Amino acid sequence: MTTLDALRDATSVETIKADLLRTAYENEGSFLHRLDPRVLLLWYAVFLFVPWLFYDTTILLGLLAFVSVLAVLSRVSLFLVGLMAFTVATTLGSYAVVTVFTGDPVAAIRALIPYTLKLTIISVSSLAVFSSMGPKTLSQGLRSLGIPRQFTFLITYGYRMLPVLFQEYHDLVNSFRLRSTAPDSPGRFRWRHYAYLLKLSVRAFYPMIFNVAKRSRVTVEAMEARGFSHSLANEASTELRLADMQIRPMDVGFFAGSLFVVAALALFL
Amino acid sequence: MMTTTHNSHIDVEQLQFQYPGAEEAVLSGADLTIEPGEFVAIIGGNGSGKTTLCKSFNGIIPHFYEGDMRGQVTVAGHDVSESSVAELSQHVGYVFQEFDNQLVSPTVFEEVAFAPMNYGHEDYRERVHRTLDLLDLSGLEDRFVWELSGGQKHLVALAAALSLDPDILVVDEPAAQLDPVNARETYDRLAMLNETHGKTVVTIEHQTEFIAEYCDSVVLVEDGIVSWKLPVETALNQLEDLRGQDVHPPQVTRIAERVLDDACPLPVTLADGLDLFTDYGSTTGTRTDGPSEGNRTGKPVISFDNVSHSYETLRSGTKEVLDTLSLDVYPDERVVLAGSNGAGKSTLMQLVTGLETPDEGTVTVGGTDTEDVLPEQLAEEVVYVKQNPEEMFIDDSVRADVAHYLDDRDYPNVEQRVDEVIEFLDLETLQSRDGRLLSVGQQRRASLAIGLATNPSIILLDEPTGSLDLASREEVGRTINRAGERVETVVIATHDLELAASWATRIVVLHDGNIIADGPPSDVFADLAALKQANLRPPQVVRLGTELGLSPAPLTVEAFTDRLSTASPSTEPSKPAVEEQQ
């Protein structure tokens, strides 16, 4: 029962909420955080591309090991890693189930492993990059690459609203619970109970969306009253926003080092 | 008047405004002049047009709402309809009523830097630090806005509005969303900005006690026009005009009105009242007011046994909300949980519903340990009416929301029971509307209906009078009284001590996760040390009575008046019992 309790604790709304918030904001200590956002984004673009150059499983495993090290250094949320592992495993599992009827499941999975590995490498590098960039650096990076401020502001604002939305959603689910009937008998592994909670969780989305829509009007007025539209056309404002970015030797070193690792993997494995 | 460092006038001439799609104009020819360096309160009932009037100062009206505008508004030499919101915002800072929604950045620093950066001010860092220093907020720079207390959030919103160093500051209903201590703190800062920095301050306000203490003059907005603008003492003596707009004069003024026949002008502040009533003082007296003490019979219905509870924050570590707290609540008690924001009131209520379970200790409701049952099962006995009514609206009409619980449990005669509750709370005309679109007062009533429909024996109300004007507050007060007849035990978490004084049989004062005072209202209000520790202020009438040496101090205006009329004026002035606490 203690394992089950521990699992329930780990998957409680509070824990997940704290874990995700930590991913979004607490990235100051991570290695990648110290890099310039433009370099990181460029690095990410390269690593979206690199896995597709190789077919050899060993090289791909090497690449996966490399990006995993970076992910560990960026302190990626365990919840997100778990979620990813779960998807990868279930995807492969589902292939196996389907191919039982069409032929040899083992051969099918073996054939699909390189493809899955490539996707996993990309996922892990996404986790590493985006976990280590806070909302501010991310929007700075995108802004300097010419993405309009309307969009980059949306990212910062989205991050700011995240905890508020979590809280609101949690409260609404609770409101549903206090006015609903739980199933009389929870069933084997409490499946009825969990199915019931799942149903409430889906229903709670609708009121949340209405509440958010209503609230955003004040937000827009407040932004206007503090010169948001003004900043869109204001050069000085854009410069200020991007002023503290600079590419240092460390950034170049990291980028070159990564390319070196890829080259080494390709040559020696 | 104070030193004025700017020359920004506000001139409103014959302002008319009609929202798009509205049938009537919300402003119909308003005239108003506000001089540089004034501290003005704008009062008026709900829907009188006061917020619309203030939103014309920084151009949100007519640039944001493209309604039909006539007349002229000139602010700091700019014609509002010709200037942009961005231009006007450099002269007028605006703090909205729903201040929570106007914080758009994750951290305090970024929030305050938002405006200076938008305008491309290179010295934005200095501006942020200067503004935060000015409001005593230094040290909060890196905190996340959602982890701040309500009072701190409001001050951060104020700092964000001040970051461009505007001459004029408009603050919409500061006292409605904050507990009295935080509201007072905000007003102290506003007074400082007004006196030492010469800022013009305009507040929209319902609570006349604050107006009397802080403002120079009062503007009454009535049906879309400005009826008058008067100096504060004269303004608060226009009792009929005020009541016509659902604005209640300060308690001390109300007492003087009942006691004195023709003495005009009536006092408006505690200090004035004290001077006037000193001769009436009587040091003894029997308690004639307030509800009688609850009789503690039988077993407790709610019982906290050494309960500790904490939660984690991102940058501020683990917060201990309740610390080995023990409390028993008996049948037929009317309990008020008092304490400042963050004292643990809401957590205590969440624990009773079973939505939260204690880290340590046990919570027992009706003999059941809350850890042994689901919140759904406890909900048959307990109902929790939330502080924010919007969180209770899960259906698309008030009626469907009221019926939700009964429908879900397959109760017989659902329609009839829903009809009863809707009639009981006068919601007939609103029942088919979406709860989210009602006014705050109506929302509160609807959320009470949702709670009462479950036919509970224990009812928990979280801040039922928060963010309501006084008319709606009284209405909710009456509803709670009537609701109390249907249920066994009512617990209210509130910092509205006027409500506590007139309604409770027992007040429990929470501070730092523990109980520091517990007893009938008259005892708790006499425990000045505990109240001070918990950042609470007794109602003005109680403070007046205490200062005059009335023991026990009367709890309501009526009781005070009765005491004064029974006691003949004594020959020697009685000594004030305590120094005025500010």
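Table for the structure above
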item: A:L240 vs. criteria more than 7 Å from chain B (Cβ to nearest Cβ) and aliphatic (A, V, I, L, M); result: no
item: Any hit, segment B:316-324, residues being modelled with pLDDT of 70 or more, surrounded by 17 or more Cβ atoms within 10 Å (Cβ to Cβ) and closer than 23 Å to B:I516 by Cβ; result: yes
item: Segment A:30-71 - residue that is β-branched (V, I, T) and surrounded by fewer than 17 Cβ atoms within 10 Å (Cβ to Cβ) and, of those, farthest from A:L119 (Cα to Cα); result: A:V69
item: Residues of segment A:175-212 that turn out to be of a type outside the set (G, A, S), within 25 Å of A:Y25 (Cβ to Cβ) and surrounded by 14 or more Cβ atoms within 10 Å (Cβ to Cβ), as a count; result: 3
item: Some residue of segment B:33-50 being in a strand (DSSP E or B), closer than 22 Å to B:P231 by Cβ and of a type in the set (G, A, S); result: yes
item: Any hit, segment A:124-136, residues being more than 14 Å from chain B (Cβ to nearest Cβ), free of Cβ contacts under 8 Å to residues at least 24 places away in the same chain and surrounded by fewer than 16 Cβ atoms within 10 Å (Cβ to Cβ); result: no
item: Qualifying residue in segment B:119-128 (condition: among the β-branched types (V, I, T), touching a helix residue (DSSP H, G or I) at 6+ places or on another chain (Cβ under 6 Å), crowded, with 18+ Cβ neighbours inside 10 Å and more than 10 Å from every other protein chain (Cβ to nearest Cβ)); result: yes
item: Hits in segment B:311-334 - residues which are assigned to a strand (DSSP E or B) and either touching a helix residue (DSSP H, G or I) at 6+ places or on another chain (Cβ under 7 Å) or not hydroxyl-bearing (S, T, Y) (or both); result: B:E312, B:K319, B:E320, B:V321, B:L322, B:D323, B:L325, B:L327, B:D328, B:V329, B:R334
item: Answer residue from segment B:69-105, given it is surrounded by fewer than 22 Cβ atoms within 10 Å (Cβ to Cβ) and assigned to a strand (DSSP E or B) and is nearest to the other protein chains (Cβ to nearest Cβ) among those; result: B:H78
item: Selection status of A:Y157, at pLDDT below 90, in a helix (DSSP H, G or I) and within 25 Å of the chain's Cα centre (by Cα); result: yes
item: Scan of segment A:137-152 for residues that are in a helix (DSSP H, G or I) and more than 14 Å from chain B (Cβ to nearest Cβ), ordered by number; result: A:G141, A:L142, A:S144, A:F151
item: Elements of type helices (runs of 4 or more DSSP H) in segment A:1-90, at least 2 residues being among the aromatic types (F, W, Y) and modelled with pLDDT of 90 or more; result: A:37-49
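Residues are listed down the side, and each one gets a yes or a no for (1) within 17 Å of B:D518 (Cβ to Cβ); (2) of a type in the set (D, E); (3) part of a strand (DSSP E or B):
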{"site": "B:V336", "(1), (2), (3)": "yes, no, yes"}
{"site": "B:G342", "(1), (2), (3)": "no, no, no"}
{"site": "B:L348", "(1), (2), (3)": "yes, no, no"}
{"site": "B:L351", "(1), (2), (3)": "no, no, no"}
{"site": "B:E356", "(1), (2), (3)": "no, yes, no"}
{"site": "B:T362", "(1), (2), (3)": "no, no, yes"}
{"site": "B:E371", "(1), (2), (3)": "no, yes, no"}
{"site": "B:Q377", "(1), (2), (3)": "no, no, no"}
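The values are calculated or read from the model by the stated rules, or taken from the named source; none is laboratory data. Given the structure is predicted, the values throughout are model-derived calculations rather than measurements. As a convention, Cβ positions derive from the backbone with ideal geometry for all residues, glycine included, and neighbour counts pool all protein chains shown.
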